[in-house]
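Taking it in order: structure first as structure tokens, then the write-up.
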Amino acid sequence: MNGFLFYRGVSPIDGAPLIGIATLSSDNRKTGDMVQTWILREDISPIMARSTGADRSHCGDCPVREPCYVNWGQAPSSIWHAYHRGGYIDLRRKPAVMRRIVSGRMIRMGAAGDPAMIPLQHWLRVLEGADGWTGYTHQWRNPWAQPMRELCMASVETETDRYLAQALGWRTYRIRHEGAALAANEIACPSDTQGR
């Protein structure tokens, strides 16, 4: 098994159909061999979504959309096509099976797409058996995203946003641009300081 479907629903942004896929192996040097999760439009390919702006359904109003690190023509497109060929088992109603599959593993929420686009209860079913997870959201300002504070950090670009997100109860991750100083209560991401 290469992965499984854990969510099929609609975007809180625009009501477009979304899918949540978990893939079980990764060659990502930065994250290691974590279970990767992908939040994608179900009805149009990631490349089409990106080129038409329909990626807003799964990425929201992400302020780093243009310099996004995701190459939508690679893994997300392969996963989307595999899904449409029937390549992923549907485990949405089999939480015990999901728990067994992810047992002892770390999970990356949102290798592509924003984790807050999928309601909390669906994430809890996937994460229940995992050793841990990472998750970051740019949707922290939206009322419908507030339950995700339990699982994700707010991704912020400025110190002002960091203060605002923290006032809403979020832990924060701030993108630090070259030469920018760390705030008193921040730590540097190991991938930035150790080249991972």
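Candidates 119, 82, 95 compared by Cα position along the dipole of segment 3-193: farthest toward the positive end lies 95, with charges placed on Cβ.
Only the Cβ atoms of Lys and Arg (+1) and of Asp and Glu (-1) were treated as charged; on that basis the dipole of segment 3-193 about its Cα centre amounts to roughly 620 debye.
The gain in end-to-end length when the residue 134 to residue 182 segment is fully stretched comes to 15.2 nm, 0.36 nm per residue minus the alpha carbon separation. Working from Cα pairs under 8 Å separated by at least six residues, relative contact order for the chain is 19 percent.
Three principal axis extents of the chain based on alpha-carbon atoms, in descending order, are 48, 39, 32 Å. Please find, in a Gaussian network model of the chain (springs between Cα atoms separated by less than 10 Å), the residue of 122, 58, 177 whose mean-square fluctuation is greatest. Comparing 122, 58, 177 in the GNM, the peak value goes to 177.
Considering only 66, 178, 42, the mean-square fluctuation computed in a Gaussian network model of the chain, springs between alpha carbons under 10 angstrom, is largest for 178. For segment 62-128, the fraction of C-alpha pairs more than 17 angstrom apart is 57%.
Bear in mind these aren't lab numbers, they're just calculated from the coordinates by the rules spelled out. Here the structure is a predicted model, which is why all the values come from computation and not from measurement. Don't worry about glycine lacking a Cβ; one is built from the backbone with ideal geometry, like all the others, and counts go over all protein chains shown.
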